[in-house]
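Trainee: First the structure, then my questions, so here it is.
Where a number appears in this text, it was derived from the coordinates with a stated rule and is not lab data. Keep in mind that this is a model prediction, so the values were computed, not measured. Cβ coordinates were reconstructed from backbone atoms using ideal geometry, including for glycine residues, and neighbour counts include every protein chain displayed.
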Amino acid sequence: MFDIREKPQNVDRAFLVGAYFDRRKAQESADLLEELKELVETLGIEVVGSELVFAREMTARHLIGKGKAQELMEAARNAGAECIVFDNEFSPGQQRAWESESKLCVIDRHEVILDIFNMRAKTREARLQVELARMEYSIPRLTRMWAHLDRQGGGAGGGVGGAGAARGEGETQLEVDRRMAYKKLDRVKAELEEVKKQRDTMRKERSRVPLPHAAIVGYTNAGKSSLLNKLTDADSYVENKLFATLDTTTRRMELPDGQAMLVTDTVGFVRNLPHDLVQSFRATLEEAVLADFLIHVVDASSPHAFSFYQTTTEVLAELGAGDKRVVLALNKVDLADDSRQMELRRQFPEGIFISVKTGQGLDDLFHRIHDMLIDRVVRLDLSIPLDRMDLVALAHQEGKVLTESYDRGVADIQCVVPKRFESRFTEFVAKKKKSAKK
Ligand SMILES: Nc1nc2c(ncn2[C@@H]2O[C@H](COP(=O)(O)OP(=O)(O)OP(=O)(O)O)[C@@H](O)[C@H]2O)c(=O)[nH]1
């Protein structure tokens, strides 16, 4: 994968630093530093120390004063850290200064989040999106990184282009690197477009299938994929090979009463997601916007369960899925003791306690999902005279038309429509079923 500099892969211990330059920002900065700790721990890195620093002004070399910077480097080394993670945005120059003086790796919040996404990306589309975000982050840094060498009369070789990038006449190393980087960027973008097209086709295919559709959403590590695996079994996976090959995260499941539906896993949310990353993942999260309802999974064992829940809800609202009906599943209840469960019950009165691991509460979850389906849609067989084409149009607009044929001035239609429209069609029902059956 393209990267302007290799980060040590085996970082186990990190020291966190958050700097603020306005005394009114003290609390906000403390909260952000606490969030950074969660993010770093999500990567499996132990946080061996952290410090919140107030500085009167920013400095070009270290961001904060030199004396304080050296004190922090010392503290990080003494704590046994292999890496310093800064909550503030660093310029590449500042990053290099810290690295060369501390002899530790130094990264910022943005890189931490990119790494989390990289680790979590499961589908080809997600992987490409992470790669794109990484490149968009790195290219401007590449420019600045090489700029000083360029002024000194040409680059030192290496970089993105590597040995394979022939330098054109009069072209500096920086220009070669930049050219290669943009070329790669274009390639990834084109590939992403291709994957998106395939996914749109899949969606259209899916919309022809008369099945209700739920999307599993939630904070990263809540247990979404585990739940999807639990809800859907191997057989249904094979049956849905078509979906599985292109979009491994949508599968068919059957409720205990035999009713079938589709369930999609979505990318995990992360707090303070940089805006460009939200953009990158918008397409993946569109599944949530298009679903009939959501299954919001919250990690009940996390002390931050409520704020994770709020973050996810906020981002969903931003994406236009704020008014979706939600089944709230508090997962990993096997790890929450009685007093924690009582607290959660107060915070989430409508939540269902489940454990994907032990199977606890899954029956309740099935019931709740079942209720959603009953409430939501009805399947109708209609014979509509041609002078009521407005109803045919309504069925297309508000529901899913499964079959449609015209014979002797009558449109015979099988469709699934939201329950609230049922009364509009009553007069023309040929044969009626209570709810959307497979
Ligand atoms: N103890 C316990 N662990 C669970 C339970 N459900 C999931 N896990 C574990 O939690 C971890 C995260 O589960 P995933 O299913 O990968 O979580 P996810 O929400 O899909 O994560 P992202 O892909 O990051 O969004 C895994 O190690 C699971 O084994 C549960 O009910 N109890």
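Trainee: Using 0.36 nm times the number of residues separating E99 and T403, minus their current alpha carbon distance, what extension gain do you get?
Mentor: Result: 102.9 nm gained on full extension.
Trainee: A further question follows. Taking a ≥ b ≥ c as the square roots of the eigenvalues of the Cα gyration tensor of the range 292-438, is the shape rounded (a/c under 1.5), prolate (a/b larger than b/c) or oblate?
Mentor: The shape class here is prolate.
Trainee: Right, here's the next one. Going highest first, how would you order 286-295, 92-101, 189-198, 211-220 by mean Cβ packing within 10 Å?
Mentor: Packing order, densest peptide first, comes out as 211-220, 286-295, 92-101, 189-198.
Trainee: Another one. Please rank L316, L402, fewest neighbouring Cβ atoms within 10 Å first, as an exposure proxy.
Mentor: L402, L316
Trainee: Over 30 Å between C-alpha atoms is what I'm after, so list which of K184/K332; K230/K324; K189/K230; K37/K184; K103/K332; K37/K189 land there.
Mentor: Table pairs above 30 Å Cα-Cα are K184/K332; K189/K230; K37/K184; K103/K332; K37/K189.
Trainee: On a straight-distance basis, which aspartates and glutamates could pair with K419 in a cross-link, Cα separation under 19 angstrom, same-chain partners fewer than 8 positions away excluded?
Mentor: D292, D323, D371, D375, D381, D390, E398, E427
Trainee: Give me the extension gain from A393 to R346: residue separation times 0.36 nm, minus the current Cα-Cα distance, reported in nm with one decimal.
Mentor: Extending this stretch completely gives an extra 12.4 nm.
Trainee: Then there is this: How would you rank V429, V130, going from fewest to most other Cβ atoms within 10 Å of each one's own Cβ?
Mentor: V429, V130
Trainee: Would you kindly state how much longer the chain becomes between R203 and T358 on full extension, computed as 0.36 nm times their sequence separation minus their alpha carbon distance, in nm to one decimal?
Mentor: Residue separation times 0.36 nm, minus the Cα-Cα distance, leaves 52.5 nm.
Trainee: Can you tally the net charge around I354? Count Lys and Arg as +1, Asp and Glu as -1, for every other residue whose Cβ sits under 13 Å from the Cβ of I354.
Mentor: Computed value for this residue: +1.
Trainee: Neighbouring Cβ atoms within 10 Å as the yardstick, rank S29, S339 fewest first.
Mentor: Result, fewest neighbours first: S339, S29.
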